[in-house]
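Undergrad: Dumping the structure here so I can ask a few things about it.
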Amino acid sequence: MALFGALFLALLAGAYAEIPGCKIRITSKALDLVKQEGLRFLEQELETITIPDLRGREGQFYYNISEVKVMDLQLTSSELHFQPKQELVLQITNASLGLRFQRQLVYWFFYDGGYINASAEGVTIHIALHLSGDSTGRMKVSNVSCQAFVSRMHAAFGGTFRKVYEILSTFITSGMRFLLNQQICPVLHHAGTVLLNSVLDTVPVRSPVDDFVGIDYSLLKDPVVSASHLDMDFRGAFFPLSQGNWSLLNRAVEPQLQEEERMVYVAFSEYFFDSALESYFRAGALQLSLVGDKVPSDLDMLLRASYFGSIVLLSPGVIDSPLKLELRVMAPPRCTIKPSGTTVSVTASVTIALAPPNEPEVQLSSMIMDARLSAKMALRGKALRTQLDLRKFRIYSNQSTLESLALIPLQAPLKTMLQIGVMPMLNERTRRGVQIPLPEGMDFVNEVVTNHAGFLTIGADLHFAKGLREVIEKNRPADPMDPRASSAPPPSVAAV
């Protein structure tokens with residue numbers, strides 16, 4: 001009975017699970033590029049390690065090691081890979097760290113000091129970033145597990161007291177190795193949970209697209225990681241800014257991602273585009289009014305000739321009034337995605353009137369327009385852009401068949417007006433695009449769009465337009481745990 005109840009609850013949860021409008025897959029082919037940028041960032045973070053002063057006594061010799069600084073990281077072997085179920089793992093083996101520090105030695109009244117180079121060898125670092133979605137729907141590094149170990153230290157002492165340093169080197173290098181082993185993971189934990197999360201904070205979650213609509217890219221569940229890819233499901237829904245709590249019910253086909261040949265794949269369902277079209281409709285943006293000089297002169301002459309019988313019956317002060325052409329979308333347009341292409345179906349009312357100054361408009365005619373637009377999608381940088389083209393166009397009267405026949409001569413000129421006057425304005429808006437949920441500094445290149453039944457996918461490669469460090473410095477949070485935020489000197493530790 002308990003098993004039946006658990007099965008029923010699982011089916012109920014599945015029935016009400018929200019379908020994503022947008023999916024992103026990052027494949028293992030992107031990890032080489034990410035690793036190159038990540039290792040540069042890792043080296044820069046290791047250079048911030050602060051090692052306490054090391055001081056002690058051996059017989060009559062007093063020594064002090066201070067200002068220890070990591071200079072560089074030399075890699076022999078490194079690997080970045082996905083680890084099911086939610087982790088990204090970086091493994092570094094047999095690396096070496098170049099260090100520089102100041103030495104001071106006192107023996108009775110004799111003193112020796114200066115800077116010296118050293119190296120930490122056989123360095124092994126294992127970092128696992130645990131990825132999950134937070135309460136706002138943003139992906140975060142929720143935890144960092146780290147293991148780091150330095151096998152041996154070497155310092156090339158010289159000068160008058162070289163023999164003395166060689167005697168003391170075991171104490172000095174063992175102490176430095178102990179301190180270095182303790183400092184690596186805290187620095188990398190801070191880099192993952194604070195600095196990398198500041199980069200993920202640049203991914204848009206719920207943000208305005210323009211003055212009319214916004215986009216919601218909330219994660220619907222935690223990222224799913226397999227050995228070869230990382231998958232993220234986003235809501236992918238537009239909303240009118242004036243109705244921030246409104247959302248269109250998603251009844252579209254769930255987009256599917258199967259490929260792994262490119263670095264990244266993005267999938268959009270029909271719902272993604274339908275929610276945009278309905279949001280613009282609800283925001284009142286899908287209407288256009290052309291008055292006077294805005295109406296093409298050839299079309300103005302044709303319309304006046306077509307409705308000459310109605311115009312001559314008007315008062316003389318109205319006959320020469322500017323012509324007004326108003327287009328108003330009557331219902332939310334709908335997007336259809338098929339393997340053969342993407343189309344948008346629109347039904348609008350067309351009103352032709354005379355607009356005398358400071359007087360009520362005089363309507364000449366009203367008709368219905370059905371149009372079908374082809375839509376070509378493309379990714380540029382991080383923006384999804386759309387190019388629209390008018391394919392089919394039909395006008396008719398909702399009053400009578402006879403009036404519809406009378407509108408046939410206006411079909412061609414109105415279609416030309418749409419192609420020349422309206423479509424460029426629409427494309428100017430759609431070419432601005434909407435941002436894809438990627439962090440700042442990362443762009444798509446070499447994209448290929450593929451249509452499927454009910455959704456489309458875009459395969460692309462990744463490109464770092466900005467370095468990771470540049471993005472972090474721009475968006476660095478004020479964090480009191482950051483050792484670089486404090487100007488206090490590091491504590492001293494006595495070597496025993």
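Undergrad: Rg/Rh for region 372-444 to two decimals, with Rh computed the Kirkwood way over all alpha-carbon pairs.
TA: Taking Rg over the Kirkwood Rh, I get 1.23.
Undergrad: Using amide H atoms built 1.01 Å from N in the peptide plane, name the residues 5+ places from D72, or on other chains, whose amide H lies under 5 Å from its own.
TA: Answer set, sorted by chain and number: G98.
Undergrad: For Q104 and H126, FRET efficiency with R0 = 25 Å and r from the beta-carbon atoms, rounded to 0.05?
TA: With R0 = 25 Å, the Cβ-Cβ based efficiency is 0.10.
Undergrad: Give me the extension gain from Y115 to Q83: residue separation times 0.36 nm, minus the current Cα-Cα distance, reported in nm with one decimal.
TA: So the extension gain works out to 7.2 nm.
Undergrad: Trypsin sites (Lys or Arg not before Pro) within region 229-303: which are DSSP loop residues with at most 12 other Cβ atoms inside 10 Å?
TA: For trypsin sites (Lys or Arg not before Pro) across region 229-303 that sit outside H, G, I, E and B with at most 12 neighbouring Cβ atoms in 10 Å, the list reads R251.
Undergrad: How far apart, in nm, are two points set 7 Å out from the Cα along the Cα-to-Cβ line at E18 and at N358?
TA: 5.4 nm
Undergrad: Another question, if that's okay. Stretch R372-H452 to full length: gain in nm at 0.36 nm per residue minus the Cα-Cα span?
TA: 26.9 nm
Undergrad: Relative to the present Cα-Cα distance, how much length would full extension add between R304 and D320 at 0.36 nm per residue of separation?
TA: 4.8 nm
Undergrad: To continue, here is another question. Going through the cross-link list K338/K466; K29/K382; K29/K85, which pairs have a Cα-Cα distance over 30 Å in this structure?
TA: Long pairs (Cα-Cα over 30 Å): K338/K466.
Undergrad: Rounded to the nearest 0.05, what FRET efficiency do S345 and Q182 have when you use their Cβ-Cβ distance and R0 = 60 Å?
TA: Taking R0 as 60 Å, the efficiency between S345 and Q182 is 0.35.
Undergrad: Packing-wise, with mean Cβ within 10 Å as the measure, how do 441-452, 74-85 rank, highest first?
TA: Highest mean packing first, the order is 441-452, 74-85.
None of the figures in this text is laboratory data; all of them are computed from the coordinates on show. Source: prediction; values computed, not measured. Heads up, the Cβs are rebuilt from the backbone with ideal geometry, glycines too, and the neighbour counts pull from every protein chain shown.
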